[in-house]
């Protein structure tokens, strides 16, 4: 395996979404915060869309170079 060809940015972005989902879920379930489940799902979907757009932009950039 060639380590320089591994999509580290994509893996990192995915890990950020997973960590945010876990931490947010724990806060909503365990904590008594002002964030309800509906707001949590809305915020998480916005984060996922943002990360997806970054990934699409990176893909377009890489396709333009190749």
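Throughout, read-outs are computed from the coordinates displayed, never taken from laboratory work. Model, not experiment: these values are computed from the prediction. Neighbour counts run over all protein chains shown; Cβ positions are idealised from the backbone, glycine included.
Going through region 1-55 one residue at a time, which ones are part of a loop (DSSP other than H, G, I, E, B) and surrounded by 12 or more Cβ atoms within 10 Å (Cβ to Cβ)? Quick ask: steps written out before the conclusion?
Quick first cut of region 1-55, residues part of a loop (DSSP other than H, G, I, E, B) only: 1-2, 6-7, 31-36.
Once the filter is applied, which keeps residues that are part of a loop (DSSP other than H, G, I, E, B) and surrounded by 12 or more Cβ atoms within 10 Å (Cβ to Cβ), region 1-55 yields 7, 35.
Close contacts from region 10-22, counting a first residue that is closer than 17 Å to residue 56 by Cα and a second that is in a helix (DSSP H, G or I), with Cβ to Cβ under 6 Å and a gap of 6+ residues or different chains, come to 10/55; 13/51; 17/48; 17/51. Go through the residues of region 25-39 one by one and say whether even a single one is in contact (Cβ under 8 Å) with a residue 40 or more places away in the chain and touching a helix residue (DSSP H, G or I) at 6+ places or on another chain (Cβ under 6 Å). No; the residues of region 25-39 include none that is in contact (Cβ under 8 Å) with a residue 40 or more places away in the chain and touching a helix residue (DSSP H, G or I) at 6+ places or on another chain (Cβ under 6 Å).
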